[in-house]
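A.B. asks: Here it is: the structure, laid out below.
The values are calculated or read from the model by the stated rules, or taken from the named source; none is laboratory data. Bear in mind the structure is a predicted one, so any value in this text is a computation, not a measurement. Neighbour counts are summed over all protein chains in view; Cβ atoms, including those assigned to glycine, are modelled from backbone coordinates with ideal geometry. Protein only, heavy atoms only, side chains kept; ligands, DNA and RNA dropped before computing areas. Shrake-Rupley method; radii C 1.70, N 1.55, O 1.52, S 1.80 Å.
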Amino acid sequence: MRLLDEIAPIGPDPHTGGYLRYAWTAPELELREWFKDQAARRSLAVEEDGNGNIFAWWGSSAQPGVLTGSHFDSVPHGGAYDGPLGIVSALLAIDRLRESFEQPKRPIGVAVFAEEEGSRFGLACLGSRLLTGAVDPGIELRDRDGVPLSDVIAPVGKRADILERIGCFVELHIEQGRELPRPVGVASAIWPHGRWRLDFTGEPNHAGTTLMRDRHDPMLTFAFTVLAANKEARLRGAHATIGRVSVEPNATNAIAARVTAWLDARAASGATVDELVKAVHDKAIERAHRDGTAAHLKCESYSEETAFDVALRDRLSAVLDGAPILPTGAGHDAGVLSTHVPTAMLFVRNPTGVSHSPLEHATDEDCEAGVTALARVLKDLAC
Ligand SMILES: [Zn+2]
């Protein structure tokens with residue numbers, strides 16, 4: 001808790017208390033420096049991969065290592081645990097193991113992945129996707145202020161040499177639902193999920209002089225689509241969210257010219273996600289006809305279902321005295337890594353299930369249980 005307290009003052013918004021730790025901005029860069037300092041205090045060998053990711057290794061041998069860790073970046077006004085808990089717990093788990101082992105048999109690494117949330121450049125897990133070659137290093141992305149990715153980093157792309165040295169990856173993360181009956185659980189799978197951009201265009205006009213019947217108001221089409229997304233998701237046992245919107249010209253006394261919104265859709269199967277997105281799109285187009293507006297949908301990113309390595313998952317659960325196994329609707333770097341190396345996740349209980357919010361919380365006791373669990377897992381895999 002002392003380590004979490006140390007980084008608590010870095011990057012909160014004074015009004016909401018939520019974190020604004022966007023990738024490659026001052027607070028996130030400060031957290032990276034903090035991490036490198038912590039690694040140096042532990043004499044861990046720090047390595048950067050040229051894609052914004054940092055690794056700190058304990059021990060060296062020819063055998064592939066066991067990697068753990070997570071991310072520092074946050075969603076807008078995010079919580080203190082999503083990401084940092086995995087990094088802090090990893091450092092503390094190494095401290096625990098050092099009390100009993102001079103060196104691990106296989107190296108143990110702590111990873112800090114860049115832009116996991118995609119809150120700055122719009123593409124989630126950007127760092128791990130670059131590392132694994134899932135994204136081209138020449139990809140052209142801009143943040144909300146129009147700053148190109150190439151202004152903050154010149155990514156080098158896939159690092160086969162680093163991937164070869166990772167025998168397996170275990171990410172510890174706060175649970176983001178309310179499904180966990182014990183302090184620590186093991187992940188089974190990540191739901192398929194993606195992001196779609198919706199553009200609604202209409203006719204900008206005067207709010208006072210334009211007759212109601214003469215309007216082509218894209219805000220109406222947008223509003224209907226938000227309700228339709230909620231309904232279509234409920235009908236399928238899926239999740240749909242429109243949580244980000246921008247309006248032009250964004251004036252109180254003008255009918256909007258354009259509304260741009262982002263749909264986040266997730267479900268237990270890829271077919272359900274496809275059906276859901278198609279249904280939302282159909283409803284938007286149908287409504288656009290009635291409003292005399294236009295609705296356009298474009299996929300910005302999509303991740304297939306991630307089923308974590310079954311043998312590793314079961315081994316972790318056994319090491320942790322039969323820890324419960326559960327799926328999640330949240331994406332993680334572990335999902336990206338899992339296509340290259342055996343991967344597993346540990347979840348620390350979240351009593352309210354609230355996440356991506358300043359109210360996100362885990363108890364000190366459960367965080368402590370997470371460190372103990374991670375240390376036991378790392379001992380089993382590497383010592
Ligand atoms: Zn996270």
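A.B. asks: Among the residues of region 145-179 satisfying the criterion of being more than 19 Å from the chain's Cα centre (by Cα) and among the basic types (Lys, Arg), which is modelled with the lowest pLDDT?
C.D. replies: Looking at residues that are more than 19 Å from the chain's Cα centre (by Cα) and among the basic types (Lys, Arg), I get 165.
A.B. asks: Restrict the check to region 89-99 and report whether at least one residue is more than 16 Å from the ligand (Cβ to nearest atom), in a loop (DSSP other than H, G, I, E, B) and at pLDDT below 95.
C.D. replies: Looking through region 89-99, none of the residues is more than 16 Å from the ligand (Cβ to nearest atom), in a loop (DSSP other than H, G, I, E, B) and at pLDDT below 95.
A.B. asks: Let me ask something else about it. Of the residues in region 230-256, how many are farther than 17 Å from residue 330 by Cα and open to solvent by less than 30 Å² (accessible area, probe 1.4 Å)?
C.D. replies: 3
A.B. asks: Shifting gears a bit: Give the residues of region 28-60 that are free of Cβ contacts under 8 Å to residues at least 24 places away in the same chain and part of a strand (DSSP E or B), sorted by residue number.
C.D. replies: 45, 46, 48
A.B. asks: Pick out the one residue from 209, 260, 272 that is more than 24 Å from residue 332 (Cβ to Cβ), hydroxyl-bearing (Ser, Thr, Tyr) and not in a strand (DSSP E or B).
C.D. replies: Of the residues listed, the single one that is more than 24 Å from residue 332 (Cβ to Cβ), hydroxyl-bearing (Ser, Thr, Tyr) and not in a strand (DSSP E or B) is 209.
A.B. asks: Also: I'd like the residue in region 100-126 that is over 26 Å from residue 261 (Cβ atoms) and touching a helix residue (DSSP H, G or I) at 6+ places or on another chain (Cβ under 7 Å) and, out of all such residues, is farthest from the ligand (Cβ to nearest atom).
C.D. replies: This residue is 105.
A.B. asks: Name the residues in region 347-361 that are surrounded by fewer than 24 Cβ atoms within 10 Å (Cβ to Cβ) and on the phi < 0 side of the Ramachandran plot, would you?
C.D. replies: Hits for region 347-361 are 349, 351, 352, 354, 355, 357, 358, 359, 360, 361.
A.B. asks: Another question, then. How many residues does region 219-245 hold that are assigned to a helix (DSSP H, G or I) and either more than 30 Å from residue 206 (Cα to Cα) or in contact with a Lys or Arg (Cβ under 6 Å, 6 or more places away or on another chain) (or both)?
C.D. replies: 10
A.B. asks: Now a separate question. Any idea which of 341, 336 is touching a helix residue (DSSP H, G or I) at 6+ places or on another chain (Cβ under 8 Å), open to solvent by less than 40 Å² (accessible area, probe 1.4 Å), in a loop (DSSP other than H, G, I, E, B) and β-branched (Val, Ile, Thr)?
C.D. replies: Only one candidate qualifies: 341.
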